[in-house]
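The values are calculated or read from the model by the stated rules, or taken from the named source; none is laboratory data. What you see is a predicted model, and the numbers here were worked out from it, not measured in a lab. Cβ: placed from backbone, ideal geometry, glycine included. Neighbour counts: every protein chain shown.
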Amino acid sequence: MNAERRATPNIQEHLSTAVALLDEQGRLGYMNPAAEILFATSARQAAGQSLEQLAPGADGLGEALRQALETGAAYTERERRLLINGQLMTVDCTITPLAGGHALLELSQLDRHLRISREYQLIAQNKATRELIRGLAHEIKNPLGGLRGAAQLLERELPEAGLREYTQVIIHEADRLQTLVDGLLGPHQPPQQGMVNIHEVLERVRQLVRAEAPPEVAIVRDYDPSIPPFRGAADQLIQAVLNVVRNGLEAVGEQGRIVLRTRTQRQFTIDQTTHKLVARIDIIDSGPGIPAPLQDQIFYPMVTTRAQGSGLGLSISQTLVNQHGGLIECASEPGHTVFTLWLPLEDYP
């Protein structure tokens, strides 16, 4: 029985629900790791802060806390919107009064469940689409090679230079289609792995994009230097990030702002695998945003919002990040589009 009592406090550390212990003034005394993730702060830094300080949109919860302590009755509110660390979140909230004038606050983030469901669909559709595209692309490559070879043979037999111009058109278009098919097939070799510093990847991308960007476009760095190296293929990650950043560069046009931001997150699930620690790379642009009907389709091959775009960049980036056990997600509204790359910081399956 004593062993059970000693183990009980540790149960809170493994819950996915954010749990915080508050005093009668609403000041924080304890929070579990899930609450640290939700409020984007550590328990030590948050100790003694009020609910309003942790979440500016939680002013109504302070009143609910007082009522719960006065009446001794638990308070529950569904789908409460809170502004936490500059981000709007939807949570289910429960306040339970305890002995000694304290209360237990439980916050279950609904956005997280929606994200996991959306992520599962995104990964499943990406895998299915890649298999379909690979099958079609292989079927196209064989007759395409025969077409090009026949055009080359015909060119040797034609006596007039004017006629040979037509065979050059055939060869040129066959080569163009071959490049397109190779892009659809995506990377077919396993990545050459080594230890990767994500900030070296981002700095390489920033240098490449800075050379292409108009002078009025600001490229801002917001890095978390504590992110450790991890196993991966630096070249492939550079290509994955570069495709996304170039999309942002084209979105902002002649002037605007692109932010490269890195953070870590604990106990994060990707494709039904929970990772102890992941890197979060946000690529934020101030462009006009992605139309809502396209937001669920932008990782499909050939889907693009640009007249001259191939629609392959984001699809290839998703595949490259998937090969690293990660995922790319997107959220967009006018003036604020965020592509988020999640990468496990341990050996991936």
Report task. Kindly indicate the residue of segment 192-208 that is part of a helix (DSSP H, G or I) and over 20 Å from the mean Cα position of the chain (by Cα) and also surrounded by the fewest Cβ atoms within 10 Å (Cβ to Cβ) among those meeting that condition. Result -> Gln207
Query - Leu98 being more than 26 Å from Phe268 (Cα to Cα) and either at pLDDT 80 or above or assigned by TED's automatic domain parsing to the domain that holds Ser16 (or both) - result: yes
Query - Filter result (surrounded by 15 or more Cβ atoms within 10 Å (Cβ to Cβ) and in contact (Cβ under 8 Å) with a residue 24 or more places away in the chain) within segment 148-176 - result: Arg148, Ala174
Report task. Look at Val217 and say whether it is outside the structural domain of Leu147 (by TED's automatic domain parsing), touching a residue at least 12 places away in the same chain (Cβ under 8 Å) and under 19 Å from Leu343 (Cβ atoms). Result -> no
Query raised in the report: So which of Asp224, Asp182 is closer than 30 Å to Asp282 by Cα, at pLDDT 80 or above and acidic (Asp, Glu)?
Result: Asp224
Requested in this report: Looking only at segment 55-62, decide whether some residue is under 31 Å from the mean Cα position of the chain (by Cα), at pLDDT below 80, within 19 Å of Phe268 (Cβ to Cβ) and assigned to a helix (DSSP H, G or I).
Outcome: no
